[in-house]
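The numbers here are math on the coordinates, done by the rules we state, and not lab data. Owing to the predicted nature of the structure, the values given are computational and were not obtained by experimental measurement. Neighbour counts run over all protein chains shown; Cβ positions are idealised from the backbone, glycine included.
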Amino acid sequence: MQLLLISNSTMAGEPYLDYPKNEIKKFLGEKAVKAIFIPFAAVTFPFNTYEEKVNERFLVI
């Protein structure tokens, strides 16, 4: 099992997960993979909204 841990999803003025996108690409590789996303930090919006945000971002990574 491999883990990619990111402590911050957004840097000021950048889109969601923009700063670590190259590291995410390297970690995941070119082939499609199954992954689990575990939101750990406090979130101020519904989980479904968070899930949509993550799914949208990974479509372009």
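Observations, loosely collected:
- Complete set of residues in region 1-11 that are within 14 Å of the chain's Cα centre (by Cα) and of a type in the set (A, V, I, L, M, F, W, C): Leu3, Leu4, Leu5, Ile6, Met11
- Listed by first and then second residue, the pairs linking a residue in region 33-53 that is more than 14 Å from Leu17 (Cβ to Cβ) to a residue that is hydroxyl-bearing (Ser, Thr, Tyr), with Cβ atoms under 8 Å apart and 6 or more places separating them unless they lie on different chains, are Val43/Tyr50.
- Extreme residue, surrounded by the most Cβ atoms within 10 Å (Cβ to Cβ), among residues of region 12-33 that are within 13 Å of the chain's Cα centre (by Cα) and part of a loop (DSSP other than H, G, I, E, B): Leu17
- Residue match in region 35-52 (condition: surrounded by 10 or more Cβ atoms within 10 Å (Cβ to Cβ), of a type in the set (D, E, K, R) and assigned to a loop (DSSP other than H, G, I, E, B)): no
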